Amino acid sequence: VQLQASGGGLVQAGGSLRLSCAASTNIFTFNAMGWYRQAPGEQRELVATITSGASTNYADSVKGRFTISRDIAKNTAYLQMNSLKPEDTAVYYCNAARGGDYYWGQGTQVTVSS
């Protein structure tokens, strides 16, 4: 299984970005997909998850601003990020879980300037 993350970039505070995570396999086979982020000097943290049943979960810090979704036909998960803040600056990683296995994408840099 390969996950290809894309969509990161440099944006001003208050702006928006949409991250994509394209999977090399049918994402309906995953129990869940998610986005994590890691800022310099910090631990990787959960941002949002979506289950096979389309239930979603968000970190408190992004609730109301970020939306996770998926397109099964395209084998792609998305993270729509609105009202971005400088503290959202991090490398964002997509993740997928299937059974007891976990898969990671390569990460995409998001930088929010003040």
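When the Cα positions of GLY99, GLN12, ALA22 are compared along the charge dipole of the chain, ALA22 comes out farthest toward the positive end, with charges on each C-beta of Lys, Arg, Asp and Glu. For the stretch 43-114, the list of trypsin sites (Lys or Arg not before Pro) that fall in a loop by DSSP and count at most 16 other C-beta atoms within 10 angstrom reads ARG44, LYS63, ARG65. Solvent-accessible area assigned to carbon and sulfur over the chain amounts to 45 percent, based on a 1.4 Å probe. Rolling a 1.4 Å probe across the protein heavy atoms gives the stretch 53-95 an accessible surface of 47 Å² per residue. Note on surface exposure: VAL110, VAL91 rank VAL91, VAL110 by accessible area, highest first, 1.4 Å probe.
The values are calculated or read from the model by the stated rules, or taken from the named source; none is laboratory data. All values derive from a computational prediction rather than experimental measurement. Please note: Cβ atoms are built from the backbone with ideal geometry, for glycine as well, and neighbour counts cover all protein chains shown. The protein model used for the area step is the full one, side chains on, heavy atoms only, and it has no ligands, DNA or RNA in it. Shrake-Rupley method; radii C 1.70, N 1.55, O 1.52, S 1.80 Å.
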